[in-house]
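Throughout, read-outs are computed from the coordinates displayed, never taken from laboratory work. Keep in mind that this is a model prediction, so the values were computed, not measured. Please note: Cβ atoms are built from the backbone with ideal geometry, for glycine as well, and neighbour counts cover all protein chains shown.
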Amino acid sequence: AKYVIHAVGPRKGEGNEDEKLKNATLNSLRLADREGLKSIAFPAISAGIFGFPIGRCAEIMLKTTIDYLRGDTGLNRVVFCLFGQDSFAVFQKELAKQLPEEAK
């Protein structure tokens, strides 16, 4: 990796968590673009020790990323590095829901 972008996600119960997670994701994507990066990798932000539900995490992060990639961006690859098969399955199911045509 050329860069590490540190994004602080919300803690469960602190209020306005969905918007904070969306902003953490969006700001990371924007920074990657500003730096001229072609790819970025994300963990499931806040879904670990911060206690954010993995399903909501997948929904918010994937929607934010998909919407961003539909705009004017130099990014051509976004990877979600997930811990364990359970998290992978949640993200995979959510991705199929948000992009049903591509999931076929």
Of everything in region 70-87, what is within 13 Å of the chain's Cα centre (by Cα) and surrounded by 14 or more Cβ atoms within 10 Å (Cβ to Cβ)? Give them in sequence order.
Val78, Phe80, Leu82, Ser87
Answer with yes or no whether Ala32 is without any contact (Cβ under 8 Å) to a residue 24 or more places away in the chain and surrounded by 13 or more Cβ atoms within 10 Å (Cβ to Cβ).
no
Taking Val8 and the conditions (1) more than 18 Å from Leu99 (Cβ to Cβ); (2) under 10 Å from the mean Cα position of the chain (by Cα); (3) free of Cβ contacts under 8 Å to residues at least 40 places away in the same chain, which numbered condition does it fall short on, given that it satisfies the others?
(2)
When you scan the chain for helices (runs of 4 or more DSSP H) that lie fully inside it, which ones turn up with 2 or more residues that are among the β-branched types (Val, Ile, Thr)?
54-69
Per the list (1) crowded, with 18+ Cβ neighbours inside 10 Å; (2) aliphatic (A, V, I, L, M); (3) more than 15 Å from the chain's Cα centre (by Cα), residue check on Ala58 breaks on (3)
